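What follows is one structure encoded as structure tokens, with my remarks underneath.
We did not get these values from a lab; they are worked out from the coordinates using the rules stated. From a predicted model like this one, the values you see are computed outputs, not experimental measurements. Ideal geometry is used to build each Cβ from the backbone, glycine not excepted, and the neighbour counts take in all protein chains shown.
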Amino acid sequence: MAKERPPKGLKGWAQGRSLWILQFCTGCGAVELPPVMTSRYDMERFGITPMATPRQADLLLITGYLTVKTLKRVIRSYEQMGEPKYVIGFGSCTVNGGMYWDSYNTIKRLDLYLPVDLYIAGCMPRPEAIIEAFNRLIEGIKQGKFNGWIRYKENLRWYKRNQAMIMDIRKWSIDKKLAEEVWREVQEERRKIFEQATVPHVYEYAERISEVG
Ligand code: SF4
């Protein structure tokens, strides 16, 4: 079967000029979006507009920190979006956890769970930075540079494993069979480790989980 490739050229130009966004307004970055939408920056002139449901959208904006509970909904929404689809992470919270890096219930790195195409640095990123990111995304799509949804499908087991390390993925994943299989693997690994547990062993495992989370 031919390898899937991202659209480019005329198809890429058309795709990049009609990005419909699903904004998952988590964290502080969400308040930077209204100025990007309104008359001063006016993102609609690039063909970018908000959509109500994941199935209509092709650009997912993660606008800041994510709790494990919210991450579940975000992944579920991403999996429902049509292809091609793109993800932008806003601010240091999506890059490395930001000021919540040692929080017990937020994730540190978004790209362990979803294929992030672009990050916008800053805490919080200004509207100029967001517009710049949109322009880079549009240009990159035209050149066929962004292929996050293809990476997600090709490495689905790896993503599911990372997701299963921090939450139960069985009921809501689109590929339920794979989710069940990966979940069982992770549980089995945990069981073995805790059966043979010595205190340093458990600490080592806890550190590995916290690196993933
Ligand atoms: S990066 Fe800064 S502005 Fe963005 S969600 Fe985190 S703390 Fe808030």
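Some points to look at:
- Residues in segment 90-99 that are crowded, with 17+ Cβ neighbours inside 10 Å and either more than 20 Å from R151 (Cα to Cα) or among the aromatic types (F, W, Y) (or both): F90, G91, S92, C93, G97, G98.
- Scanning segment 54-76 for residues that are in contact with a Leu (Cβ under 9 Å, 6 or more places away or on another chain) and surrounded by fewer than 17 Cβ atoms within 10 Å (Cβ to Cβ) returns a single hit, Q56.
- Contacts under 6 angstrom Cβ, first residue in segment 173-193 being touching a residue at least 12 places away in the same chain (Cβ under 8 Å), partner in a helix (DSSP H, G or I) and of a type in the set (F, W, Y), 6 or more apart: I193/Y205
- Hits in segment 92-111 (condition: within 12 Å of the ligand (Cβ to nearest atom), assigned to a loop (DSSP other than H, G, I, E, B) and more than 16 Å from the chain's Cα centre (by Cα)): W101, S103
- Enumeration of residues in segment 112-125 that are more than 10 Å from F90 (Cα to Cα) and within 15 Å of the ligand (Cβ to nearest atom): V116
- Of the candidates G64, G82, G89, the single residue that is touching a helix residue (DSSP H, G or I) at 6+ places or on another chain (Cβ under 8 Å), part of a loop (DSSP other than H, G, I, E, B) and within 16 Å of the ligand (Cβ to nearest atom) is G64.
- Subset of segment 140-175 (residues that are surrounded by 19 or more Cβ atoms within 10 Å (Cβ to Cβ), touching a Phe, Trp or Tyr at 6+ places or on another chain (Cβ under 6 Å) and of a type in the set (D, E, K, R)): K142
- Residues in segment 143-157 that are touching a residue at least 24 places away in the same chain (Cβ under 8 Å), touching a helix residue (DSSP H, G or I) at 6+ places or on another chain (Cβ under 7 Å) and in a helix (DSSP H, G or I): Y152, R157.
- Of all residues in segment 100-133 being of a type in the set (S, T, Y) and closer than 11 Å to V87 by Cβ, the one that is surrounded by the fewest Cβ atoms within 10 Å (Cβ to Cβ): Y119
- Hits in segment 136-160 (condition: over 20 Å from S92 (Cα atoms) and over 15 Å from the mean Cα position of the chain (by Cα)): I138, E139, G140, I141, K142, Q143, G144, K145, E154, R157
- In segment 12-56, residue nearest to R126 (Cα to Cα) [restricted to those that are in contact with a helix residue (DSSP H, G or I) (Cβ under 8 Å, 6 or more places away or on another chain) and among the basic types (K, R)]: R40
- When segment 1-49 is limited to residues that are in a helix (DSSP H, G or I) and of a type in the set (V, I, T), the one that is farthest from the ligand (Cβ to nearest atom) turns out to be V36.
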